[in-house]
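Undergrad: This is the structure, below, for whatever I ask next.
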Amino acid sequence: MTKLERQNLLKGLAFLSPWLVGFSVFTLLPIILSLYFSFCDYTLLQTPVFRGLENYRGLAGDPVFWQSLRVMAKFTLLALPLGMIVALTLALLLNVKILGQSIYRTIIFLPSLVPAVALAMIWLWLYNPKLGLINFALRHLGVSNPPGWLSDPVWSLPALVLMSVWGVGNTVIIYLAGLQDVPKDLYEAADLDGAGTLAKIWHVTLPFISPVIFFNLIIAIIGTLQTFTLPYIMTPQGQPDRATYFYTMYLNDNAFSYLKMGQASAMAWIQLVMILLLTGIAFWTSKRWVYYQGK
């Protein structure tokens with residue numbers, strides 16, 4: 001390496017140093033420490049004591065751990081496909097040239113801008129069994145005994161799933177961007193072949209925007225497996241009967257309520273492995289249904 005190259009390298013590192021220091025101190029170091037703590041008995045107030053795989057073995061025999069996993073799995077299986085389908089349907093509707101199109105797009109996108117805490121308070125009122133707007137409407141429609149929603153262990157998780165659809169605005173915008181790139185001549189060719197609306201969507205639109213669908217799928221997998229804020233505010237401790245006690249809520253309780261930072265770190269790494277596994281499966285299957293231009 002010449003003197004000039006070394007000088008350019010030093011200048012580049014100097015420009016990058018604020019980011020490198022911030023990344024190393026606030027991201028890389030906590031990641032490394034959490035991996036180490038996952039093998040330790042650590043209560044935040046005492047020095048970590050290395051215990052090997054004891055935290056992982058303890059989680060394997062913990063019924064609350066498995067219950068939180070089941071809650072997360074049920075929510076993911078319900079909320080992920082529902083959100084994807086609703087977002088794509090809204091994007092297809094908003095892609096039609098009609099009067100006031102920009103207004104409708106704004107209305108769909110605005111709910112995704114509402115802060116999570118404010119959103120939780122709004123839906124707590126909507127789901128109120130006695131005074132909530134939803135049950136008020138159901139009673140006027142002839143339902144004499146509407147659900148208790150968040151106070152009912154049967155309906156609490158479906159209520160959170162329905163609420164998750166409220167924030168699909170960002171996904172809709174991404175779908176709309178993909179729909180804008182579908183060549184019009186493909187639709188014209190489909191019209192000449194006598195294809196109807198559903199046939200054009202299935203054979204033209206969906207294959208062409210499959211990379212966008214794949215991107216939204218990956219983001220949805222990561223997001224749903226990390227769901228925390230809304231159930232934490234709306235159903236403390238996963239009540240009733242821990243029906244909404246999400247994996248992330250148990251992780252948070254272990255870390256900051258029970259001061260079991262070692263066990264919480266182990267849960268965090270298990271969660272990372274689950275996310276990597278599911279996204280890996282999505283990438284592996286994408287070879288069969290994701291189509292890129294030029295291939």
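The values are calculated or read from the model by the stated rules, or taken from the named source; none is laboratory data. What you see is a predicted model, and the numbers here were worked out from it, not measured in a lab. Cβ coordinates were reconstructed from backbone atoms using ideal geometry, including for glycine residues, and neighbour counts include every protein chain displayed. Note: areas computed on protein heavy atoms with side chains; ligands, DNA, RNA excluded. Shrake-Rupley method; radii C 1.70, N 1.55, O 1.52, S 1.80 Å.
Undergrad: Any idea which of Ile209, Ile173, Ile218, Ile201 is of a type in the set (Val, Ile, Thr), out of contact with any Cys (no Cβ under 9 Å at 6 or more places or on another chain) and surrounded by 18 or more Cβ atoms within 10 Å (Cβ to Cβ)?
TA: On inspection, the qualifying residue turns out to be Ile209.
Undergrad: Can I ask one more? With the checklist (1) part of a helix (DSSP H, G or I); (2) open to solvent by less than 60 Å² (accessible area, probe 1.4 Å); (3) of a type outside the set (Asp, Glu) in hand, flag the one item Phe136 doesn't pass.
TA: Single failed check for Phe136: (2).
Undergrad: Find the residue count for segment 204-223, including only residues that are over 20 Å from Lys184 (Cβ atoms) and not β-branched (Val, Ile, Thr).
TA: 6
Undergrad: Contact list please: Cβ distance under 8 Å, first residue in segment 116-132 and farther than 12 Å from Met163 by Cα and open to solvent by 40 Å² or more (accessible area, probe 1.4 Å), second residue part of a loop (DSSP other than H, G, I, E, B) and not aliphatic (A, V, I, L, M), pairs at least six apart or on different chains.
TA: If the second residue must be part of a loop (DSSP other than H, G, I, E, B) and not aliphatic (A, V, I, L, M), the pairs left are Trp125/Gly132; Pro129/Pro146; Pro129/Pro147; Pro129/Gly148.
Undergrad: Right, here's the next one. Suppose we filter segment 233-275 for residues that are open to solvent by 40 Å² or more (accessible area, probe 1.4 Å), at pLDDT 95 or above and more than 17 Å from Asp62 (Cα to Cα); how many remain?
TA: Residues flagged as open to solvent by 40 Å² or more (accessible area, probe 1.4 Å), at pLDDT 95 or above and more than 17 Å from Asp62 (Cα to Cα) within segment 233-275 amount to 3.
Undergrad: Here's another thing I want to ask about it. Among the listed residues Asp152, Asp185, Asp191, identify the single one that is in contact (Cβ under 8 Å) with a residue 60 or more places away in the chain, open to solvent by 30 Å² or more (accessible area, probe 1.4 Å) and among the acidic types (Asp, Glu).
TA: Asp152
Undergrad: Next question, about the same structure. Let me confirm something: among Ala199, Ala177, which residue is assigned to a helix (DSSP H, G or I), within 30 Å of Trp123 (Cα to Cα), without any contact (Cβ under 8 Å) to a residue 40 or more places away in the chain and of a type outside the set (D, E, K, R)?
TA: Ala177
Undergrad: Let me ask another. What pairs can you find where one residue is in segment 26-55 and on the phi > 0 side of the Ramachandran plot and in contact (Cβ under 8 Å) with a residue 24 or more places away in the chain, the other is among the aliphatic types (A, V, I, L, M) and open to solvent by less than 40 Å² (accessible area, probe 1.4 Å), and their Cβ atoms are less than 7 Å apart, with a gap of 6+ or different chains?
TA: Going by the 7 Å Cβ cut-off, the qualifying pairs are Leu44/Met261.
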